[in-house]
Structure formats: structure tokens, C-alpha cells
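The values are calculated or read from the model by the stated rules, or taken from the named source; none is laboratory data. Model, not experiment: these values are computed from the prediction. Here the Cβ is made from the backbone with ideal geometry for all residues, glycine too, and neighbour counts use every protein chain on show.
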């Protein structure tokens, strides 16, 4: 084997490794532009890991409680990362996430995190939303929407206002960690719709309309239950 051949094989191996490292895997809850890739599986280990890390970071820096019930920035490096701040809250995740995966994301985010259910939403608990998720190689970024209603700020229809925080992470072959973040103007990005967790171990998160249809099938004749002739 010539010296050139001996050098070629290691170089090909390195190139293959770099190609695998920079491949794009992940999930996004919203359609991106035509020039960006959209992913389809929120249950992949990498996708739900970066969701949990990003959500935990945002909740602990912008907790769901504070003086007079206001949302406040929390950024104290002297406090242990395992400490929870504020009260209970709901974490909304993308559609299609299995119940077991959802529970894992909740537990890794906070012991006070709750799933999207009719009961939790009706209770008026603050809601954080997981938006778009990008993962490429050992880098990722996740949009987390935090509520910003401390001063009674509401939208035209009385709905709560949200502010997106894009969390940048680094990990891959080591645990994912936050490297930086960007806070958007209130209302700059569209808030994801609520995705409710159904019943049963095989349930997946889905919009309320789909959940209602599954819970209320049509009658045997396929006709409305009541109405005028």
C-alpha cells in the first residue's frame, strides 16, 4: 500500500464522522420557511432532551411566580440548579409526543411542571410553550414561550401575552447545556396551539379538537343526536 493510500483511509473516516456529526436531526412544532428543514418526531431522544433542558432553563430564569404573582427574571448562579422557583405551571409540547416521553420531559423540566389537560388549563395555571426545535450535530436551539402577564397585559381578546426565548445549546456526545439565549419582543413569534394529553399509556399529545372528537364518537346511525326535522 502506498503512502497516499495509507493517508486516504483515515481522511475518509474523518470525513464520514464529520458528515454524521453535522447531520440535522430533531423536530419543529411550526412550519419553517421553504429554505429550512422541518422534522417529524418529537419522541426522538435528542429532541426531547433539548426540549427539557431549554424549558428548565427558561422556567428557572423566568419563573411562574414571584412578588405579587409577577413573573420575574431569575438568574442567580449561586442557587443550585436543582431548586425549583415559583409555583405549578403547565408545559405545552408539540403534537405527536407519546405520554411516556411527555412525562419524562415534565420531570426533567421541573417537579412542578404539569401536562396540558382540560383540568390544568381550566385551573388558570401559567403555561409555557415549546415551539420550534432545531438540532444539528452537537448544537441545538429551542424556542420556549413564557407568559408575560404580571401587569395585567392581555391581547385584544383578553388572551395572555407571551414572549419567546430562543435557547442555544451545545451537547451531542455529552449532556446538553445552555450556551446563550435571545429574548424576542412580546408577540414577535406566533404562540403554538395547546396540545392536550389523551388518556392511556399509548396516548399522544394533540389539539383539543382532535381530543374532543376521539372522546365523543358519532352515534351508531351517524346522525346528530338531536335536531329539528
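Quick notes on this structure:
- The lone exception for residue 179 - which of (1) without any contact (Cβ under 8 Å) to a residue 12 or more places away in the chain; (2) under 14 Å from residue 54 (Cβ atoms); (3) not in a strand (DSSP E or B) it fails: (3)
- Pairs meeting the criteria (first residue in region 128-139 and free of Cβ contacts under 8 Å to residues at least 24 places away in the same chain, second residue surrounded by fewer than 23 Cβ atoms within 10 Å (Cβ to Cβ), beta carbons under 9 Å, at least 6 apart or on different chains) are lacking.
- Hey, residue 167 in contact (Cβ under 8 Å) with a residue 60 or more places away in the chain and either more than 17 Å from residue 59 (Cβ to Cβ) or part of a strand (DSSP E or B) (or both) or not: yes
- Single residue of region 137-160 satisfying the filter (at negative phi and exposed (fewer than 14 other Cβ atoms within 10 Å of the Cβ)) that is modelled with the highest pLDDT: 159
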